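See structure below.
Readers should treat all values here as calculations from the given coordinates under stated rules, not as data from a laboratory. Remember, predicted model here, so these are calculated numbers, not experimental data. Cβ sites come from the backbone with ideal geometry, for glycine too, and all protein chains shown count toward neighbours.
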Amino acid sequence: MHQTNTDPALDLTHVELDRLTPHTTLPDTAVSRWLDALLMRIGEWLSWIWVLLMAVIILNVFMRYALDEGRIEFEELQWHLYAAGWLLGLSYCFVADDHVRVDLFHHRFSLRTQAWVELFGMLFLLTPFLSLVLWYSVPFIVYSWQLSEVSGDPGGLPYRWLIKSALLFGFALLALATVSRLSRVIALLFAPRRLATTAPAAA
């Protein structure tokens with residue numbers, strides 16, 4: 001007779017995935033509360049891109065295999081939607097602290113050490129990278145717009161500058177998320193002790 005395992009420690013149906021993801025617990029600030037709320041709202045709205053992408057993929061597969069009619073514009077639309085979803089989702093992941101961390105030591109550090117690592121990482125790695133992308137993306141988009149750039153494939157999509165604009169918009173949102181995160185890290189490291197104690201409980 002089969003017996004159901006009732007040991008809560010072995011019951012995987014009650015595993016909280018957030019507990020498996022390391023988060024750095026930081027205090028909120030007036031700046032972070034406003035920016036995080038804005039970016040989370042934008043991220044939730046833009047998440048519908050993935051629903052639209054799935055619909056385009058299903059339609060494209062149906063037309064290709066059921067109707068024997070391939071459409072290059074649907075192929076390109078898939079690539080564009082995927083690129084836009086990824087670029088515009090960066091800020092949401094950063095605010096939620098759910099981006100991938102390839103780090104063997106971060107979770108072993110104390111909270112202040114984690115904050116110092118984040119501070120130097122954002123100031124000397126992330127911020128210069130953001131600045132370069134934002135600086136060079138503007139002429140990149142303007143040049144495409146001036147040329148009225150279209151797809152090089154017959155039947156491809158027009159307005160190539162529009163999808164290129166997702167690069168600027170996505171990294172602008174990521175820059176706002178960086179400002180928010182910096183304000184929280186600075187609050188922990190340099191603000192009065194009473195502010196640091198307002199940090200939310202670790203996930």
Inset, instruction - For a footprinting-style exposure proxy, rank 97, 36 by other Cβ within 10 Å, fewest first. - result: 97, 36
Legend entry - Ellipsoid equivalent to the range 28-74 - semi-axes via the Cα gyration tensor, in Å: 40, 7, 5
Inset, instruction - Assuming R0 = 25 Å, can you tell me the calculated FRET efficiency for the pair residue 107 and residue 37, based on Cβ-Cβ distance, to the nearest 0.05? - result: 0.35
Legend entry - In Hz, Karplus ³J(HN,Hα) per residue of the range 116-133 (6.51, -1.76, 1.60; θ = phi - 60°; x = Gly, Pro): 5, 4, 5, 4, 5, x, 6, 6, 9, 10, 5, 4, x, 5, 4, 4, 5, 5
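Length gain on complete extension for the stretch residue 116 to residue 153, per 0.36 nm per residue less the alpha carbon to alpha carbon distance? Mind showing how you got there, number by number?
Numbers: separation 37, 0.36 × 37 = 13.32 nm, distance 4.89 nm.
8.4 nm is the gain from fully extending residue 116 to residue 153.
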Inset, instruction - Starting from the Cα of residue 65, step 7 Å along the direction of its Cβ; do the same at residue 134; then give the gap between the two resulting points in nm. - result: 4.5 nm
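Pull out the extension gain between residue 82 and residue 57, defined as 0.36 nm times the separation in residues minus the alpha carbon to alpha carbon distance; nm, one decimal. Walk me through the numbers on the way to the answer.
Numbers: separation 25, 0.36 × 25 = 9.00 nm, distance 1.09 nm.
Length difference between fully extended and current span is 7.9 nm.
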Inset, instruction - Determine ³J(HN,Hα), in whole Hz, for all residues of the range 163-178 in sequence, where each value follows from phi through the Karplus function 6.51 cos²θ - 1.76 cosθ + 1.60 and θ = phi - 60°; x replaces Gly and Pro. - result: 5, 5, 5, 4, 5, 5, 5, x, 6, 5, 5, 5, 5, 5, 5, 5
Inset, instruction - Give the Rg/Rh ratio for the range 58-118, taking Rg as the radius of gyration of the Cα atoms and Rh as the Kirkwood radius, to two decimals. - result: 1.34
